[in-house]
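The structure appears below as structure tokens.
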2 protein chains.
Amino acid sequence: MKIAVLGTGGGAREHTAKLVELGHEVFVGTRDPEATLARTEPDMMGNAPYGQWLADHPGVTLLSFGDAAAAAGEVVINGIDGHNAVAALTGIATSLSGKTLIDYAVPFVYQHEAEHPWPTPWGVMPKLDPCDTDSLGERIQRALPEAKVVKSFVTQEQSTVVNPKAVGDGDHTMFVASDHDDAKRTVTELLQSYGWTDILDLGPLVCSRGMEMYAHMHSAIGFGLGQQFGGHFGVKVVR
Amino acid sequence: MKIAVLGTGGGAREHTAKLVELGHEVFVGTRDPEATLARTEPDMMGNAPYGQWLADHPGVTLLSFGDAAAAAGEVVINGIDGHNAVAALTGIATSLSGKTLIDYAVPFVYQHEAEHPWPTPWGVMPKLDPCDTDSLGERIQRALPEAKVVKSFVTQEQSTVVNPKAVGDGDHTMFVASDHDDAKRTVTELLQSYGWTDILDLGPLVCSRGMEMYAHMHSAIGFGLGQQFGGHFGVKVVR
């Protein structure tokens, strides 16, 4: 399939590499491809410069957000950070029309952006905006009524999402939520191709509230397990 | 042990019955014992009148909140609903001083209490207050600096908390968080006596934010699994 991945951060790279490995034609979108390629320093999360990563991953085409989305057949993965996603996606709405848009972002507001930071044992505890009575997934769907937004991937590190068998032989649960059943089926098939066997359909997109709010629990569990896990664990819904 | 359970709702009844079964001396606290016993109608959750329940559960002593807390040796379980917990507990702070106070409440604000309700596929979707940058667990600890608050039980139906083996042979995870390590050990032992084998210490009480916010995910998973599960499932942290 022709699949677009919007974003060049760590999570987007995980999906890009995996999709190429699975034989898909992958179009990566970035705000300004020339600027992305011109960077020679690691990004703020410590990821290597994208140009360097791209040299190690042949078969990936780097384009603008809009050109990448337009090049996609059916599936677009949104790896734009939660803070900027609505604005960036609204600008390319036409290219996303009728397509399955997978959103895995948590709408974190970081302490350095906040008037009143929230000290915690982790040092940094972002807050969520929106939260509780709305979600980023729903906001994106409202901003792009012609796209089919599916919230998924968000309860895991993306390196685990693309390689579920690395944790507990893969016997853990992935969640999907959307108001579009056909798009949910498409994402379920993609997840199966990643190796997921336990994919739970939570129902409509309103469930992205719980999925995004789970982010604090995910952090707490990672903290409880200790650094040696590096966030690499799963949650299994036990019936 | 002499244990107090504050509250007469469904969850409080589960703990009360289980603790009696385990041989503890249980003191149940209610706002007004006479009024509680005078009720002849089911409560708003459909539970049978407490007097009737009490007749079927000999060995339980019904007292006021303060008298029940004072009668407890080391452990008090707070089953007062999240909306009223801080006020009710603050009024009996002296009787809780130095004791382990287990809080499992979710600070739900229900639609009928709200100016702007939040329609969802469930019909009712309560919001959380506090949420994200504070939690009920932390509020209770701030209001009762002499008590040792432990947040736990909150990620499960209380009928599952007292009987973990009813779900997936008991191989799922229970979480504890507290700023008091000795109190956390006490709660861990209590959970072991309930049958829990996988108890994950998330760390300090700030983690109750994630535990309480998980409530929406718990609802969504229950919705996804379907009514036949009636909320009876577990989550296993897969390492």
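The values are calculated or read from the model by the stated rules, or taken from the named source; none is laboratory data. Everything numeric here is computed off the predicted structure, so don't read it as measured data. In this analysis, Cβ positions are derived from the backbone assuming ideal geometry, glycine residues included, and neighbour counts consider all displayed protein chains. Surface areas here come from the heavy atoms of the whole protein model, side chains and all, with no ligands, DNA or RNA. Shrake-Rupley method; radii C 1.70, N 1.55, O 1.52, S 1.80 Å.
Out of all the residues in segment A:99-107, is one or more open to solvent by 60 Å² or more (accessible area, probe 1.4 Å) and either in a strand (DSSP E or B) or of a type outside the set (A, V, I, L, M) (or both)? Checked against the condition, which is being open to solvent by 60 Å² or more (accessible area, probe 1.4 Å) and either in a strand (DSSP E or B) or of a type outside the set (A, V, I, L, M) (or both), segment A:99-107 yields no hits at all.
Selection of segment B:158-176 for residues being surrounded by 20 or more Cβ atoms within 10 Å (Cβ to Cβ) and within 13 Å of chain A (Cβ to nearest Cβ) yields B:THR160, B:PRO164, B:VAL167, B:HIS172, B:THR173, B:MET174, B:PHE175, B:VAL176. Only one of the numbered conditions (1) of a type outside the set (A, V, I, L, M); (2) over 27 Å from A:VAL176 (Cβ atoms); (3) modelled with pLDDT of 95 or more; (4) assigned to a loop (DSSP other than H, G, I, E, B) is violated by A:GLU115, and that is (3). Does B:GLY137 satisfy the condition of being within 14 Å of chain A (Cβ to nearest Cβ), touching a strand residue (DSSP E or B) at 6+ places or on another chain (Cβ under 8 Å) and modelled with pLDDT of 95 or more? Judged against the criteria, B:GLY137 is a match. Within segment A:67-83, the set of residues being under 11 Å from A:LEU136 (Cβ atoms) and open to solvent by 60 Å² or more (accessible area, probe 1.4 Å) comprises A:ASP81, A:HIS83.
So, A:MET217, is that one in contact (Cβ under 8 Å) with a residue 40 or more places away in the chain, buried (at least 18 other Cβ atoms within 10 Å of the Cβ) and at the interface with chain B (Cβ under 9 Å from one of its Cβ atoms) or not? The answer is no for A:MET217.
For A:THR160, the stated conditions do not hold, so it cannot be described as among the polar types (S, T, N, Q) and out of contact with any His (no Cβ under 7 Å at 6 or more places or on another chain).
Answer yes or no as to whether B:ALA17 is more than 16 Å from the chain's Cα centre (by Cα), of a type in the set (Gly, Ala, Ser) and assigned to a helix (DSSP H, G or I). Please lay out each step first, then the result.
Values: more than 16 Å from the chain's Cα centre (by Cα): no; of a type in the set (Gly, Ala, Ser): yes; assigned to a helix (DSSP H, G or I): yes.
Answer is no for this residue.
With the requirement that a residue be open to solvent by 30 Å² or more (accessible area, probe 1.4 Å) and more than 8 Å from every other protein chain (Cβ to nearest Cβ), what does segment A:225-235 give you? Within segment A:225-235, A:GLN227, A:GLN228, A:GLY230, A:HIS232 meet the criteria.
How many residues does segment A:70-98 contain that are over 15 Å from the mean Cα position of the chain (by Cα) and assigned to a helix (DSSP H, G or I)?
8
Among the residues examined, A:LEU63 qualifies as among the aliphatic types (A, V, I, L, M) and either in contact with a Lys or Arg (Cβ under 7 Å, 6 or more places away or on another chain) or not in a helix (DSSP H, G or I) (or both). What's the number of the condition B:GLN192 fails, among (1) open to solvent by less than 20 Å² (accessible area, probe 1.4 Å); (2) more than 10 Å from every other protein chain (Cβ to nearest Cβ)? B:GLN192 satisfies every listed condition except (1).
Results for (1) facing chain A (nearest Cβ under 7 Å); (2) open to solvent by 30 Å² or more (accessible area, probe 1.4 Å); (3) in contact with a strand residue (DSSP E or B) (Cβ under 6 Å, 6 or more places away or on another chain); (4) free of Cβ contacts under 8 Å to residues at least 24 places away in the same chain, shown as yes or no for each residue.
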residue: B:THR186; (1), (2), (3), (4): no, no, yes, no
residue: B:ASP198; (1), (2), (3), (4): no, no, yes, no
residue: B:ASP201; (1), (2), (3), (4): yes, yes, yes, no
residue: B:LEU205; (1), (2), (3), (4): no, no, yes, no
residue: B:ARG209; (1), (2), (3), (4): yes, no, no, no
residue: B:GLU212; (1), (2), (3), (4): no, no, no, no
residue: B:PHE223; (1), (2), (3), (4): yes, yes, yes, no
residue: B:VAL237; (1), (2), (3), (4): yes, no, yes, no
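Quick one: is A:THR40 in contact with a strand residue (DSSP E or B) (Cβ under 9 Å, 6 or more places away or on another chain) and either crowded, with 19+ Cβ neighbours inside 10 Å or not in a helix (DSSP H, G or I) (or both)? Here the answer is no, as A:THR40 does not meet what is asked.
Take the residues in segment A:84-98 that are closer than 16 Å to A:ASP32 by Cα and at pLDDT 95 or above, then tell me which one is surrounded by the most Cβ atoms within 10 Å (Cβ to Cβ).
Restricting attention to segment A:84-98, the residues satisfying the condition of being closer than 16 Å to A:ASP32 by Cα are A:84-85, A:87-89, A:91-92.
Next, from what is left, pick out any that are at pLDDT 95 or above: A:85, A:87-89, A:91-92.
Values: A:ALA85: 22, A:ALA87: 10, A:ALA88: 18, A:LEU89: 25, A:GLY91: 12, A:ILE92: 21.
Applying the filter and picking the extreme gives A:LEU89.
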